[in-house]
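First the structure, in the form of structure tokens, and then the observations on it.
We did not get these values from a lab; they are worked out from the coordinates using the rules stated. Keep in mind that what you see is a predicted model, and the values were worked out from it rather than measured. Cβ coordinates were reconstructed from backbone atoms using ideal geometry, including for glycine residues, and neighbour counts include every protein chain displayed.
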Amino acid sequence: MAEETLLNDDFLRQLINVGEVDIVVGLSTHNHARTIGPVIAAIQAGILKCFPRERVAIINADGGSQDGTTELVERASIDDVWRESKVFALRTLHSISVRYDRTPDPGKALQTILAATDLLRAKTCVLISPESTTIEPDWLQRLARPVYDENFDLVCPIYARQRSDGALMRNLLYPMTRSIYGCRIREPYGSEFAISGRLVTDFLAKGISNDDWGRMGPEIAVTVTAIVGKYRVCQAFLGAKAHPGRGTQDVVGVMRRTVGALFSSMDSNFGMWSVVSGSELPPTFGKPPEIEPEGSRINRKRLLDMFAAGVAQLEPVLRSILSPSMLGELQRIAALGINEFEYPAELWTRTVFEFVASYHKSIINRDHIIQALVPLYRGRSLTFLTENRNGNGENIETREEALCADFERLKPYLLKIWADGK
Amino acid sequence: MRETILTELIQAFQQMARDIVHYLPRLVVMLIIALVGWLIAYLLKVLVRSSLRLTKFSKLSENAGATELLHQAALPSSTELVSRLVFWVAWFGFFLLGVSVLGIAGLQEYISEFFLFLPRLFVALVILFFGLVAATFFSRAVLLAAVNANFRSSRMLSTAVRIIIIIFAFSMAFEILGVAAETMLIAFATVFGAAMLALAIAFGLGGQDLARRFLQRKLEPNKEEKEDELSPL
């Protein structure tokens, strides 16, 4: 059904020519000519090294690139890698590019790749970000092996991160997913992940990509679907995470795609998550990566200014979302100086939960609720930066655990305000 | 002479009695219509109030910012206000219907004008309500976008958007009602034009440095600022 509506005739013809494959490597692109070359090369090297006997197809779903990205993908030949490798693939490596739309749409891109996986009856689909310039050939094996050989359904990545890296992931997405769905997936929104053919079929059949949360954040939707559907989930340690867009990332857009999708997923899965208490660690493969040396300087004063200005200027909006006592607390910490400033874990947890409840009740427009969270996230990020400034891996891990414990401990508070009328 | 006066007087009284006898049933009919109208209007009020409570109209009104406006004007809640409005419009309509039974020639025209005015009143109220909804939505959207873009005068910008949309909604409503339509149109055009001119002058003269810095930031983004942002994912 999904194939009929998503895949155009030309793309279908190409897929039919490919026939059945064992592994699909999916790339969702939009003007990635600058970074796609090394990524494709690493994927091909990974295939030659780790899956020489398997039938593999690279599927590129493109959202209207104007910089020749698709041509680069189609032109990439396995011969380039052969010259440097001592291993030879025993099968033909197919590389297909399709333009699913004129404008980028992550939901449609993922759906296109998954529909192609389903049609090619692949056992495993590995999604790779075209921006992952730090990718190594081994990543393919680390992601695909647990699905291909050990019957896991979803393999999420764990990256080596810098101290200040992934503030949203470490302060909201991970603790929240862990406390709500009871699964300790470190990267619920992974740039890279592997998914089984079974889960692909189920995901497409349920039409989750067409739901609000599926459209908003397809990557989160895959993770949540796997956890809620009791699929076998595991994690694999990869290397350093690439950040080609550092400094230019649209925080509001990122919040919509991740936090918005996570909040939205809770409406339809209430029956499942409301009875979950505590959390379990899924099987984790590989060696934990070291913390990366700090490569960027963050302006802490600017973060505080943006937080304080947000709390002051958005007061009428925050008043409708948060309880009076919570708003009072935020106003109190917003008045602190840079050296005294602290947004404590418990206060942050309660803030997030009150946002979740308001989002569920649609107190105001849901997108506005997500946007109103952005200045508060900056405030929490400042505390996160301050706390981890001189910390080693162990300190950082301990603090992350403490935050997660707060999210789990305060879950009854969320359940209470979820049901209350405001 | 005396007899003539008496005769005239008796005739006048007889005429008055005839008129009273002639009008009395009509008056009774008018009173009955007014009474039944009151009952129907009251039932309508109860029905509208319950429906609005069921559909959480007060929440919608709160979101639209109408509740705050009513509160500031010391008026009852939006649900109460709408149900009272329905009561009075319905009852007044019935009352006028009753008056028309009396057959007073001069009143007929006004009564029919009132009934023709009702649909326009309804449309004007709907326009006002949705105008308030739009004003609240867009002013909040502007406020959030401006705050997240670290724009310093976010509140002022948001308020300006709100005021412009409300003035626009009022001018449309008054135009529908036919009340001072031209005055409202001129007032809107003047306020809007003045606001735009003020902004242009303020940005062009008063904010030369700001404009320069803004354009420099946009056209020559410096490296330090690029590295300023946290990497969220």
- Hydrodynamic radius by Kirkwood, which averages 1/r over all alpha carbon pairs of the stretch A:164-254, in angstrom: 14.4 Å
- Message: Suppose the chain between A:T386 and A:R13 were pulled fully straight at 0.36 nm per residue; how much longer would it get relative to their current alpha carbon spacing?
- Response: 128.8 nm
- Mind pulling up the Rg/Rh value for the stretch B:25-103? Radius of gyration and Kirkwood radius, both on Cα. 1.16
- Message: Explain nothing, just the number: relative contact order of the stretch A:284-422, from Cα pairs under 8 Å at least 6 residues apart, as a whole percent.
- Response: 32 percent
- Listed residues B:E62, B:E80, B:E109, most fluctuating in chain B (Gaussian network, C-alpha, under 10 Å): B:E109
- With a sphere of radius 14 Å drawn around the Cβ of B:F168, what net charge do the other residues whose Cβ falls strictly inside it have (Lys, Arg +1; Asp, Glu -1)? 0
- Shape parameters for the stretch A:2-285, alpha-carbon atoms, Rg then Dmax in Å: 17.8, 56
- Note on the structure: Restricting to Cα pairs under 8 Å and 6 or more apart, the percent relative contact order of chain B works out to 16 percent
- Task: Quick one: among A:E387, A:E150, A:E136, which has the greatest mean-square fluctuation in a GNM of chain A with alpha-carbon springs under 10 angstrom?
- Result: A:E150
- Neighbour net charge for A:R184 - beta-carbon separation under 14 angstrom, K R +1, D E -1: -3
- Task: Could you size up the charge dipole of the protein assembly as shown around its Cα centre, putting +1 on the beta carbon of Lys and Arg and -1 on that of Asp and Glu, and report it in debye to the nearest 20?
- Result: 860 debye
- Note on the structure: Measuring from the longest principal axis of the C-alpha atoms of chain A, the long axis of helix A:345-361 (C-alpha) lies at a number of degrees, nearest 10, equal to 70 degrees
- Viscosity 1.306 mPa s, 10 °C: Kirkwood-radius Stokes-Einstein D of the stretch A:196-341 over Cα pairs, µm²/s: 83 µm²/s
- Message: Give me a comma-separated list of calculated 3J(HN,Hα) values for the stretch A:301-308, in order, Karplus coefficients 6.51, -1.76, 1.60 applied at θ = phi - 60°, integers in Hz, x for any Gly or Pro.
- Response: 4, 5, 4, 5, 4, 5, 5, 4
- Which of A:V317, A:T349, A:W418, positive extreme of dipole for the stretch A:300-419 (C-beta unit charges): A:V317
- For the stretch A:132-251, share of DSSP beta bridges that run antiparallel, in % to the nearest 5: 25 percent
- Query: So which helices of chain B fit the span-like rule, where a helix is a whole DSSP H run, its Cα atoms reach 20 Å or more along the axis, and its mean Kyte-Doolittle is at least 0.5?
  - Reply: B:2-54, B:78-101, B:105-148, B:154-177, B:181-201
- Note on the structure: The set of residues whose placed amide H lies less than 5 Å from the amide H of A:Q235, leaving out same-chain residues fewer than 5 positions away, is A:C156, A:T284, A:F285
- Query: So for chain A: antiparallel DSSP bridges make up what percent, rounded to the nearest 5?
  - Reply: 20 percent
- Any residue on another chain or 5+ positions along whose placed amide H is under 5 Å from the amide H of A:F152 is listed here as A:V147
- Item | For the protein assembly as shown, the spread of Cα positions along each principal axis, largest first, Å | 144, 59, 51
- So how tilted is helix A:218-228 from the main axis of chain A? Cα-based, degrees 0 to 90, rounded to 10. 80 degrees
- Item | Evaluated at q = 0.14, 0.16 Å⁻¹: base-10 log I(q)/I(0), Debye formula over Cα of the stretch B:32-182 | -0.83, -0.99
- Note on the structure: A chain fully extended from B:A145 to B:R120 at 0.36 nm per residue, minus the present Cα-Cα distance, gains in nm 5.3 nm
- Message: About the Cα centre, and with charges only on the beta carbon of Lys, Arg (+1) and Asp, Glu (-1), how big is the dipole of chain B? Nearest 20 debye, please.
- Response: 540 debye
- So what is the relative contact order of the stretch A:117-232, in percent, for Cα pairs below 8 Å that sit 6 or more residues apart? 34 percent
- Note on the structure: Expected max-MSF residue from A:R302, A:R350, A:R161 in the GNM of chain A (alpha carbon, under 10 Å) is A:R302
- Message: Can you show me the helix-derived [θ] at 222 nm for chain B, built from DSSP H runs with n ≥ 4 at -39,500 (n - 2.57) apiece and divided by the number of residues, rounded to the nearest 500.
- Response: -29500 deg cm²/dmol
- What's the angle, to the nearest 10 degrees (0 to 90), between helix A:324-334's Cα axis and the longest principal axis of chain A? 80 degrees
- Item | Charged-residue dipole, Cβ positions (Lys, Arg, Asp, Glu), the stretch A:300-419 about Cα centre, Debye nearest 20 | 380 debye
- Message: Using the Cα centre of the protein assembly as shown as origin and beta-carbon charges of +1 (Lys, Arg) and -1 (Asp, Glu), tell me which of A:A41, A:G391, A:T103 is placed farthest towards the positive end of the dipole.
- Response: A:G391
- Around A:R99, what is the net charge, scoring Lys/Arg as +1 and Asp/Glu as -1 over all other residues with Cβ under 12 Å from its Cβ? -4
- Message: To check my understanding: the extent here is largest minus smallest coordinate of the Cα atoms along each principal axis. What are those three numbers for the stretch A:102-242, in Å, largest first?
- Response: 41, 36, 33
